[in-house]
Amino acid sequence: MKSEFRIDRISEGDWPRLRELRLEMLADTPLAFLETLDSALREPEVEWRSRASRAAREGSLGLAAVDTASGAWLGTMSAYLDGRGDAMLVSVYVTPSWRGAARGLTDALLDEIETWARAAVPEGGLRLHVHEDNPRARAFYTRRGYVETGETIPYPLDRTQNEVEMVLALS
């Protein structure tokens, strides 16, 4: 029997599930995020509530993919308006058993983000930064039409490594 999922908007009350999935993210793919598991484990409840409420603010969209049978969070994706006419994609994660095009979860999350971004900044782009040593993520974004801009930024947790900027034109 195939499990089904739905996409929900994250709200402040979701902070315990957001925290649980964030800790999974950091343990599973540490180079994909800008904080360590140790630092996230030390964050107080007020910080997790703030992160969850930030995802619901105007100019932001935070989504969670939820297993309809169990209620477990399977993945997350967020974006915010950067104030320069573009949107920025952040906090992308799908639990390992739900990865891959055949499952459709990652594409479903990104479809929702792209729809939101096109409405918010129709003449802009949807930008992201991906670690240079994350070929799975880079291949996914390339398949979705994102292109590398040629710009890199130092990876904040190890400035000897880089993050590659990619963008999807929304118009």
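Among the residues of the stretch 12-51, those identified as among the acidic types (Asp, Glu) and farther than 18 Å from Pro156 by Cα are Glu12, Asp14, Glu20, Glu24, Asp28, Glu43, Glu45, Glu47. Is it true that some residue in the stretch 94-101 is in a strand (DSSP E or B) and within 13 Å of Ala32 (Cβ to Cβ)? Yes, the stretch 94-101 contains a residue that is in a strand (DSSP E or B) and within 13 Å of Ala32 (Cβ to Cβ).
Among the candidates Arg136, Arg144, Arg159, Arg99, the residue that is basic (Lys, Arg), surrounded by fewer than 14 Cβ atoms within 10 Å (Cβ to Cβ) and closer than 25 Å to Trp73 by Cα is uniquely Arg136.
Any idea which of Pro154, Pro122 is part of a loop (DSSP other than H, G, I, E, B), open to solvent by 50 Å² or more (accessible area, probe 1.4 Å) and at pLDDT 95 or above?
Details: Pro154 fails: part of a loop (DSSP other than H, G, I, E, B).
Answer to the selection: Pro122.
Got a sec? Which of Ala72, Ala40, Ala120, Ala64 is in contact with a Gly (Cβ under 8 Å, 6 or more places away or on another chain), under 25 Å from Leu26 (Cβ atoms) and not β-branched (Val, Ile, Thr)? Going through Ala72, Ala40, Ala120, Ala64 in turn, the sole match is Ala64. If the condition is being at pLDDT 95 or above and of a type in the set (A, V, I, L, M, F, W, C), then the stretch 1-24 contributes Phe5, Ile7, Ile10, Trp15, Leu18, Leu21, Leu23. Condition test on Leu34, is it part of a helix (DSSP H, G or I) and out of contact with any Gly (no Cβ under 6 Å at 6 or more places or on another chain)? Against the criterion (part of a helix (DSSP H, G or I) and out of contact with any Gly (no Cβ under 6 Å at 6 or more places or on another chain)), Leu34 does not qualify. In this structure, does Gly75 turn out to be of a type outside the set (D, E, K, R), farther than 26 Å from Ile153 by Cβ and not in a helix (DSSP H, G or I)? Spelling it out, it is not the case that Gly75 is of a type outside the set (D, E, K, R), farther than 26 Å from Ile153 by Cβ and not in a helix (DSSP H, G or I). I'm trying to understand the selection: among the residues of the stretch 8-36, which are open to solvent by 30 Å² or more (accessible area, probe 1.4 Å) and among the polar types (S, T, N, Q)? Of everything in the stretch 8-36, those that are open to solvent by 30 Å² or more (accessible area, probe 1.4 Å) and among the polar types (S, T, N, Q) turn out to be Ser11, Thr36.
Please go through the stretch 37-69 and give me each residue that is open to solvent by 20 Å² or more (accessible area, probe 1.4 Å) and touching a residue at least 60 places away in the same chain (Cβ under 8 Å), ordered by number. Within the stretch 37-69, Gly59, Thr68, Ala69 qualify.
The values are calculated or read from the model by the stated rules, or taken from the named source; none is laboratory data. All figures in this text were calculated on a predicted structure; none of them were measured in a lab. Note that we place each Cβ from the backbone using ideal geometry, even for glycine, and neighbour counts take in every protein chain shown. When the accessible area is computed, the model is the full protein with side chains, heavy atoms only, and any ligands, DNA or RNA have been set aside. Shrake-Rupley method; radii C 1.70, N 1.55, O 1.52, S 1.80 Å.
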